[in-house]
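Reviewing the structure listed below.
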Amino acid sequence: MIRSVSVKSAIKDALKVFQFDQWVRFYFVVEKGEELWIEIPQEVLDALKEDDPDMHRYADLINNAITDYNRSQENVCSYIAGRLDGQKYEQTVLPQVFDNSTFKVEMYIFNVWLKMHEPHLDEEYMDFAGWMEMYDGWNSLDEVKAYRAKLVESGTDPQVPDCTTAQ
C-alpha cells in the first residue's frame, strides 16, 4: 500500500477529527451524576455510517463512554494515530502536523468560529455536514481570511491540543 507524505492532506484529515469531536461534545454530552457521558442517538449513528464512515468509526468508538477534556484529547489523538499514522500517511507525516503552524492557526480559527456561533448552534441540532458547511461559509469571508493572514504573518502560536500519541 502506498502511503501519502502530504502534510497538507494530513492537516486537513486531523482537523476534521478534532472538529468532529467538538461537534459530538457540543450536541451529545449528557450529565449522569458527577460524570459527563457521550450518548449519540442511533439515528445519528446510522446517518453517519451512511454519510461519513470514517467519522462513524470515531463516533462508535466514543459513544456511551465517560468524557472530559483529557479523555476527549486522548480519544482524538489515538484515533488519528490508529487511522492515519502509518496507515494513510507515512509515519513521519503526523508528527509534523501537530507542530505545523497551519494546523495550529486552523484549529484556533475553528475555535473562534465555535465561540462566536455557539448561541446560534445551540438553537437547534445541526448535523456535522451542516456544521462544516456553516463553518466553511464563515471561513471564506474576507475578514476571516485577513485575520488568518495576520495570525500567520505575526508568527503567533495559538495554543492547541498536543497529540503526543501520534509521535
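At-a-glance table
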{"item": "Check: the chain dipole with +1 on Lys, Arg Cβ and -1 on Asp, Glu Cβ, in debye", "result": "780"}
{"item": "Ellipticity estimate at 222 nm from DSSP helix runs (n ≥ 4, -39,500 (n - 2.57)) divided over the chain, nearest 500", "result": "-21500 deg cm²/dmol"}
{"item": "Part-to-part distance (alpha-carbon centres) for region 69-134 and region 32-52, which is given in Å", "result": "18"}
{"item": "Spin-label model distance (nm) - Ser9 vs Glu39, 7 Å beyond Cα toward Cβ", "result": "4.0"}
{"item": "Surface/4 estimate of mean projected area, convex hull on alpha-carbon atoms of the chain, nm²", "result": "10.5"}
{"item": "Accessible surface of the chain [probe 1.4 Å, protein heavy atoms]: carbon and sulfur percent", "result": "48"}
{"item": "Charge dipole of region 44-167 about the Cα centre (unit charges at C-beta), most positive-ward option of Met134, Gln87, Asn111", "result": "Gln87"}
{"item": "Violating pairs (Cα-Cα greater than 21 angstrom) within the set Lys8/Lys49; Lys88/Lys145; Lys88/Lys115; Lys12/Lys88; Lys8/Lys115; Lys16/Lys150", "result": "Lys8/Lys49; Lys88/Lys145; Lys88/Lys115; Lys8/Lys115; Lys16/Lys150"}
{"item": "Nearby aspartates and glutamates by direct alpha-carbon distance to Lys32 (threshold 20 angstrom, same-chain neighbours under 8 apart not counted)", "result": "Asp21, Asp60, Asp68"}
{"item": "By average C-beta atoms within 10 angstrom, highest first, the peptides 73-85, 28-40", "result": "73-85, 28-40"}
{"item": "Linear extension gain, Asp46 paired with Ser140, 0.36 nm per residue minus alpha-carbon span", "result": "30.8 nm"}
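The values are calculated or read from the model by the stated rules, or taken from the named source; none is laboratory data. Everything numeric here is computed off the predicted structure, so don't read it as measured data. Every residue, glycine among them, receives a Cβ derived from its backbone with ideal geometry; neighbour counts consider all protein chains shown. SASA here: full protein model, heavy atoms, side chains in, ligands and nucleic acids out. Shrake-Rupley method; radii C 1.70, N 1.55, O 1.52, S 1.80 Å.
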